[in-house]
1. Using a Debye calculation, one point per C-alpha and no hydration shell, please list log10 I(q)/I(0) for region 2-217 at q = 0.17, 0.19 Å⁻¹ in order.
2. All other residues with a Cβ under 11 Å from the Cβ of Thr417 taken together, and with Lys, Arg as +1 and Asp, Glu as -1, what is their net charge?
3. About the Cα centre of the chain, what is the dipole size in debye to 20, counting +1 per Lys and Arg Cβ and -1 per Asp and Glu Cβ, all else neutral?
4. Could you tell me the calculated FRET efficiency between Lys575 and Asp326, based on Cβ-Cβ distance and R0 = 25 angstrom, to the nearest 0.05?
5. Quick one: which residues, 5+ away or cross-chain, put their amide H under 5 Å from the amide H of Ser98? H built at 1.01 Å from N.
6. Return the subset of Lys473/Lys606; Lys35/Lys85; Lys470/Lys500; Lys247/Lys312 for which the Cα-Cα distance in this structure is over 21 Å, preserving the input order.
7. Ser252 to Arg131: FRET efficiency via 1/(1 + (r/R0)^6), r the Cβ-Cβ distance, R0 41 Å, to the nearest 0.05?
8. Only four residue types carry charge here, +1 at the Cβ of Lys and Arg and -1 at the Cβ of Asp and Glu. Report the dipole size of region 108-259 about the Cα centre in Debye, rounded to the nearest 20.
Amino acid sequence: MCGFLGVVNLGKKKINQKDFDLASKLIQHRGPDDKHFYIDENINISFYRLSLRDLSNAGRQPMISMNKSFLICFNGEIYNSEFLKAKYLKNINLKSTSDTEILLESYVVAGNRVFNDLEGMYSVFIYDLRRRKATFVRDRFGIKPLYYLLTKDFLIFSSEIKPIIKLNKDNAFNDLAFADFFFKGHLDHDKTFFKNIEIFPAGNYASLNNKELNFNQYWDLKETQSRNNSLQFFEEKIEQLFDRAVKNHLISDRNASLFLSGGTDSSILAQEISKQINYKLHTYTYSFSNSGNFNEEKDAEIISKKLNILNKSVIVDHKYVLNNFDRLVGLVESPITSLRLFGHLKNYETAANDNFKLVFEGHGGDEMFAGYDYNYLFFVLDKYKKKPNHNTIKDLIFSNYYKKVQNQTDLINLLMTSTFQDGSTTDGVPFVNIDLFNKDFLNKYLKEKFYKTKKKMKNLLKQSQYQDIKNIKLPRILKYTDRLSMSCGIETRVPYLDHKFFEFCFNIPNNLKFNKSQSRWIFKKTFKNKILKLQKSKKTIVDPQKSWFLNEMRDKFLSEINSIDFKNSDYFDFKNVKKYYLKIFDSKNQSSFNLMQILSTQSFIKKFKKL
């Protein structure tokens, strides 16, 4: 895993080399092990390397092919590089054991066809030095980032946004991205917070022709149906594919560590990794100080003792949050949604201090198996969509899954999720409060077209999952994970996003995802005799965010909303925000979700106006 910044010259104007060098330094944290540059009359590349496979200089990038015709910059990992080597490079003697060289030389042989064969996480730039043709490709889920800015003079591309901002003079904020974030919870799905800076779409490759990028989608999730519907088949296949995914993700010349939350995904991952490695697994669990039940430290301790692994408890207090708030917003290059990110950041800092450069996380499990509370609503709607009747409501009110549906308001909120999942928290509670926002901003963006969602799946549960995977949950999680880990010089691997494993589990029948209102039923049953029997039911809330906003973070929040900048905000209504904040003291039902949106947005705007 690494970071790069590049410029392809499209006109007579050239990028100032001093400016380019200064911009490059903004991503040097992504590659603490090596740095290297390539400059000619057509392209300018800087590369910072974090070495995990072939730690020698033979894996240095930018790398030029053996025939001297192609150059590659590659951020990520190709887990099936040996397969590529056997398929495309049988009679070729390589100079290294790096997956970078295997990918490059395979491309020399097969061209764009090789992209369909890739298994891993990657953002790649390949340049044909003779024909002056640029090609880009990004992994299927968008695990590894890639941003670009296209003008008449340049194509600037980078692993992060800050270097592009530094090189570009026109960096106006993108109000539509703010609207997506405030009202849909979308972040990094298909646009950035800057008007001219674009996200390269996941599952696509593109060629630069006539000063335009021509995109080709080589992968997307598809709705399929298995011919074999036996329970034994699904259990065996899940175990087989999961075992394979973890094995592939463990390919490295460095030891792995794991963030252990005590939940289903990280616990099963800890068990599987421990089976496959020949060293003692180190894990990290964060918790919040003085937060009562808002931590998973005890659960993680039980799991670690059972598996005989070394678990370190990482404590986050309010001083750490206050001291690092603006810094964290700068690292992730966007507003944030949760206090939990500070736990993740401190986990990464602790792992880095222990000299780990490779961390596993359990992201993707809930998206794969429909593990969010509101997913159950779509399961019920699928169940009765041919013949809707009173059982639809009955299943929602009286199921064990929705014990929180206690009154008419709760039921209405839940049913609203069926038409606008984007505006709800995972337990089906709407988080949008339009009174908090500037009226001109609302009038400009809150129109019917803004809320339209393109349906990709006939199955409503799969469509709900697809929304989380493509627009809501996964892009946000992956963006935060990349920035926080790379800020500490650490590579994060996410084996639940092995695309073959994910495709299979995504298409498991609904009745195996939910059984007697238990979520993720087939996955838990597959591992029922193992680590899961130690666990309690999953917690929905794992942080003291609301409490800290009202106490420990009160002065910071009030100082921000009482500032001149906030009173003149293009996005927020100062008076109503203040009323809402004061009202939270008297209401158990008011959420702090909006408060984090507001505070982090103000921090983001101030920080990136100056860059």
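Any read-out appearing in this document is the output of simple, stated calculations on the displayed coordinates, not a laboratory observation. Predicted model, so just to flag it, every value in this text is computed and none were measured. Counting neighbours? That spans all protein chains shown, and the Cβs are built from the backbone with ideal geometry, glycine included.
1. -1.24, -1.53
2. Charge balance in the 11 Å sphere: -3.
3. In debye, rounded to 20, the chain gives about 900.
4. The computed FRET efficiency comes out at 0.50.
5. none
6. The pairs that break the limit, which is 21 Å between Cα atoms, are Lys473/Lys606; Lys35/Lys85; Lys247/Lys312.
7. Approximately 0.70, to the nearest 0.05.
8. With Lys and Arg at +1 and Asp and Glu at -1, about 660 debye.
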